[in-house]
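One structure below.
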Amino acid sequence: MMITAFTDGAARGNPGESGIGVVLKDEHGQTLRTLYGYTGIATNNIAEYVALLTCLRAASKLDCAKLHVHSDSELMVRQMNGQYKVKDAGLRKYFQEIHLLLSSAPFEFKITHIAREKNAEADRLANLGIDSRIPVRL
């Protein structure tokens, strides 16, 4: 199955209280799963990476053959696609964990940058994650 995902991380302050939102949809646009959670005090970029990691773990539990992730984080997308180096040690930890997970993932992976307004559902969930204070379970 082809899954299209939308991920977002949010931080109120940078660093500040942060959360993630993830939406997974099938090839017909039907929502398979929505996820949100609180990531504690973190930067927005860390929250973006935690959202992607959460998305990958959720997709690996589904019958996913191809995963196409959409994110409004230009930095993360360009780092994941090898256009930018990951210089920050905190981000590098997540970057390496994601690449390790992808090396054994049972699906093809693609990540694309989208405009923020096309990521409204994941953004809403990321803010719900902050408000809920329910920890993300990685």
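Every number here is computed from the coordinates shown, using simple stated rules; none is lab data. The model shown is predicted, which means the values in this text are computed figures rather than measured ones. Cβ placement follows ideal geometry from the backbone for every residue including glycine, while neighbour counts extend to all protein chains displayed.
Just one of the listed residues (51, 59, 47, 5) is of a type in the set (Gly, Ala, Ser), part of a helix (DSSP H, G or I), in contact with a Leu (Cβ under 6 Å, 6 or more places away or on another chain) and under 22 Å from residue 118 (Cα atoms), and it is 59.
Taking the stated definitions as given, is residue 24 in a helix (DSSP H, G or I), among the aliphatic types (A, V, I, L, M) and either surrounded by fewer than 21 Cβ atoms within 10 Å (Cβ to Cβ) or out of contact with any Asp or Glu (no Cβ under 9 Å at 6 or more places or on another chain) (or both)? Taking the combined requirement at face value, the residue does not satisfy it. When residues in region 80-115 are screened for being assigned to a helix (DSSP H, G or I), loosely packed, with under 13 Cβ neighbours inside 10 Å and more than 14 Å from the chain's Cα centre (by Cα), 4 of them pass.
Per-residue answers, yes or no, for (1) touching a residue at least 60 places away in the same chain (Cβ under 8 Å); (2) in contact with a Gly (Cβ under 9 Å, 6 or more places away or on another chain); (3) within 21 Å of residue 10 (Cα to Cα); (4) not hydroxyl-bearing (Ser, Thr, Tyr):
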| position | (1), (2), (3), (4) |
| --- | --- |
| 77 | no, no, yes, yes |
| 90 | no, no, yes, yes |
| 94 | no, no, yes, no |
| 112 | no, no, yes, no |
| 117 | no, no, yes, yes |
| 125 | yes, yes, yes, yes |
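Looking only at region 62-79, how many residues end up being of a type in the set (A, V, I, L, M, F, W, C) and either out of contact with any strand residue (DSSP E or B) (no Cβ under 7 Å at 6 or more places or on another chain) or assigned to a strand (DSSP E or B) (or both)? Break it down stepwise before answering.
Let us first name the residues in region 62-79 that are of a type in the set (A, V, I, L, M, F, W, C), namely 62, 64-65, 67, 69, 75-77.
Restricting the remaining residues to those that are either out of contact with any strand residue (DSSP E or B) (no Cβ under 7 Å at 6 or more places or on another chain) or assigned to a strand (DSSP E or B) (or both) gives 67, 69, 75-76.
Going through region 62-79 one residue at a time, the tally reaches 4.
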